[in-house]
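Trainee: Below is one structure. I have some questions about it.
The values are calculated or read from the model by the stated rules, or taken from the named source; none is laboratory data. All values reported here derive from a predicted model rather than from experimental measurement. Note: ideal-geometry Cβ built from the backbone for every residue, glycine included; neighbour counts use all protein chains shown.
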């Protein structure tokens, strides 16, 4: 049995514990960040800061980062991790609870949303907000989401995923939000095989430190660099970069 946390995900520490486990995947985390590195500006809004895994890397290159994080357990860890860094500001709330006028006044040139959009029931509304936030600067909206609905399993439900995306589905959401796609690509096909195995065979409800260690040592050193040479026809996740369209 598993728990469907789609509507309670920010009320329990499960997500924080999972992020702690995933922080062990250092090569993979660096790979994801490098996919977005060319599109990151100097003033960044990070939607879903979690425990600060990506936040710390963003602060290496950005002048200012504002993070939004509604999970109380993650907020406590985040404040501990980034205490004293004046370049970072935290909004401990859901995206829709933020003061939109205040966010617009910040003139962000980048919105970063990594493994968060799938947690939001109305993903188009969230993307519309992202578009509004970067319209004045003609900035970038960077989104990383789980792919292939066919492998949706117990871990997705435990994590609070409303969906996994196809290219067509994510492109449609961007289009409805008035965002022109600059990049849309799959990443990590080996990880997709592992996710299918965990969903259909072991029916896992948590990430495994042992599997992460195997991926980091045996797969990541050759599989992730290969993606720089050839586009992947399918993968565990989708990478998307959008900008406000001319009509918007």
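Trainee: Run down 168, 243 and say which single residue is touching a strand residue (DSSP E or B) at 6+ places or on another chain (Cβ under 7 Å) and modelled with pLDDT of 95 or more.
Mentor: One residue alone meets the criteria, 243.
Trainee: Using the structure shown, decide if residue 50 is in contact with a helix residue (DSSP H, G or I) (Cβ under 9 Å, 6 or more places away or on another chain), in a strand (DSSP E or B) and surrounded by 14 or more Cβ atoms within 10 Å (Cβ to Cβ).
Mentor: It is false that residue 50 is in contact with a helix residue (DSSP H, G or I) (Cβ under 9 Å, 6 or more places away or on another chain), in a strand (DSSP E or B) and surrounded by 14 or more Cβ atoms within 10 Å (Cβ to Cβ).
Trainee: Follow-up question, since we're still on this one. Being under 21 Å from the mean Cα position of the chain (by Cα) and closer than 15 Å to residue 193 by Cα is the filter here; which residues of segment 209-223 pass it?
Mentor: 211, 212, 215, 220, 223
Trainee: Say we look at segment 1-41 and pick out the residues that are free of Cβ contacts under 8 Å to residues at least 60 places away in the same chain and crowded, with 19+ Cβ neighbours inside 10 Å; which of these is nearest to residue 98 (Cα to Cα)?
Mentor: 19
Trainee: Check whether at least one residue in segment 6-28 is within 18 Å of the chain's Cα centre (by Cα), closer than 21 Å to residue 138 by Cα and in a helix (DSSP H, G or I), and report yes or no.
Mentor: no
Trainee: Same structure, new question: Of all helices (runs of 4 or more DSSP H) completely enclosed by segment 172-233, which ones contain at least 1 residues that are at pLDDT 95 or above, in contact with a helix residue (DSSP H, G or I) (Cβ under 8 Å, 6 or more places away or on another chain) and farther than 17 Å from residue 28 by Cα?
Mentor: Where helices (runs of 4 or more DSSP H) fall fully within segment 172-233 and carry at least 1 residues being at pLDDT 95 or above, in contact with a helix residue (DSSP H, G or I) (Cβ under 8 Å, 6 or more places away or on another chain) and farther than 17 Å from residue 28 by Cα, they are 189-197.
Trainee: If you take just the strands (runs of 3 or more DSSP E) that sit entirely in segment 63-129, which of them hold at least 2 residues that are free of Cβ contacts under 8 Å to residues at least 60 places away in the same chain and surrounded by fewer than 19 Cβ atoms within 10 Å (Cβ to Cβ)?
Mentor: Strands (runs of 3 or more DSSP E) meeting the threshold: 88-91.
Trainee: Looking at (1) within 30 Å of residue 214 (Cα to Cα); (2) touching a residue at least 24 places away in the same chain (Cβ under 8 Å); (3) outside any loop (DSSP other than H, G, I, E, B), which is the one condition that is false for residue 44?
Mentor: Result: residue 44 fails condition (1) only.
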